[in-house]
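Bear in mind that the values in this text are calculations on the coordinates, not laboratory data. All values derive from a computational prediction rather than experimental measurement. As a convention, Cβ positions derive from the backbone with ideal geometry for all residues, glycine included, and neighbour counts pool all protein chains shown.
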Amino acid sequence: MKVLWSGKAGSLVGLISTATLYSVSATAQSSVTLFGLVDEGIRYTTHADPQGDSRVQMANGASESLWGLKGTEDIGGGTKVVFQLENRFFPNTGETDPAYPMFNTAFVGVQSSSYGRLTMGRQTNPLSDAVLGAYVTNPWLPTFYQFRPEVMMAQGVWSSNMVKYTVRWQYVTTEVSYAFGGNAGAFGSGSQIGASVLYLPGAPLRLAAAYLDSRDAVNGSAHFKSWTAGGSYSFGDTTVNAGWAVNRQDAGFVGNFPNGPFTPPELAALKFNTFSSRQMFFGGVSQFIGTATHLSANVWRTIQTGKTQPADGNATQFQLLADYNWSKRTDTYLEADYSLYRGGIVGAQFQGINALSSAYTTTQLGIMAGIRHTF
């Protein structure tokens, strides 16, 4: 869907459902696209409270519901100005997801056919871009947001106050980023640096590796570092993916809010600062059947070393997912996941980022069915 403004006067011309129409001024060509996704489902979860009770609820979708605006303006010489705004919300209540700001994605930048792309604002970090681009589980969704263990290894996926530069040469894409801490008298406190390299020749092979380093907003000498590497390979209608990720926290790390995903109280509630190192291996297989059906099976294995011995632990998680496309924009899905937690691992850290889905026991089963529509 395109929202069209007059390039000269800036007035609203109309709301037109098309994928190719542009407004043209005397000096530039521009377009603004309204896009979104609405996803809703029913989810059953065992051991959903400290008493061990099960829960049946209207959940907020396999892919989080969102709406947004994105646009480009061609300013000549192979250069475009780009922007994107995106809000994530809960369709069962109509509320904005409390885990995110009003616009979870909000950036503006310049893109050149010769020199790459420079963007500034709140956007995905290079580490998450590497996983999403090369070896994410359930790549057609991508990820299952009610159950997404590898996402928690990406330090929240989005970073605020970020400058990101992306350049591509043939099949290789490189990203570097810096998120400003903004603290007076302590330039590095709360900051974040990131870098990634993706090899994306198209089918059949995709490879990527990335690094992310966040400095504590209070104790600037403490760091939270992450690494990842992995890839996927497609043969016919089958795709196999495998990945590895490591998180390491210094003893004095409290949090890098607002650049990171959590405030210090939220980090404490999730016990996210109780580990010194965490290593995850994950992989899966996706199968496309006919013209409309996707099947996938995924597994994750996580080993945690705590800052104290009680925080040592491990987790093994499994998932099966089937998805059927009724049309180009509408599909239904059925998902099942099972987790085994041992030691100091906290289940909420491996299921969602808003602490609403917490495992209170050593095992947990989840089953979900839903429908989603993109526009």
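Sequence-distant contacts, meaning Cα pairs under 8 Å at least 6 residues apart, place the relative contact order of the stretch 2-374 at 14 percent. Pull out a ≥ b ≥ c, the square roots of the eigenvalues of the alpha-carbon gyration tensor of the stretch 96-185, then state rounded if a/c is under 1.5, prolate if not and a/b is larger than b/c, and oblate in the remaining case. Cα axes put the stretch 96-185 in the oblate bin.
With Rh defined as the Kirkwood radius, the inverse of the mean 1/r over Cα pairs, the Rg/Rh of the stretch 2-374 is 0.97.
Sorted on the mean count of surrounding Cβ atoms within 10 Å across their residues, most packed first, peptides 142-149, 289-296 read 142-149, 289-296.
Between the amide H of I345 and those of N314, distances stay under 5 Å, these residues lying 5 or more places away or on another chain, with hydrogens modeled in the peptide plane. The packing ranking of peptides 94-103, 47-56, highest mean first, is 94-103, 47-56, where packing means the average number of other beta carbon atoms within 10 angstrom of each residue. Rounded, prolate or oblate: which fits the stretch 203-259, taking a ≥ b ≥ c as square roots of the Cα gyration tensor eigenvalues, rounded meaning a/c under 1.5, else prolate when a/b beats b/c? Verdict is prolate for the stretch 203-259.
Which of S63, F275, V246 sits farthest toward the positive end of the charge dipole of the chain, with +1 on the Cβ of Lys and Arg and -1 on the Cβ of Asp and Glu? So the residue furthest toward the plus end is V246.
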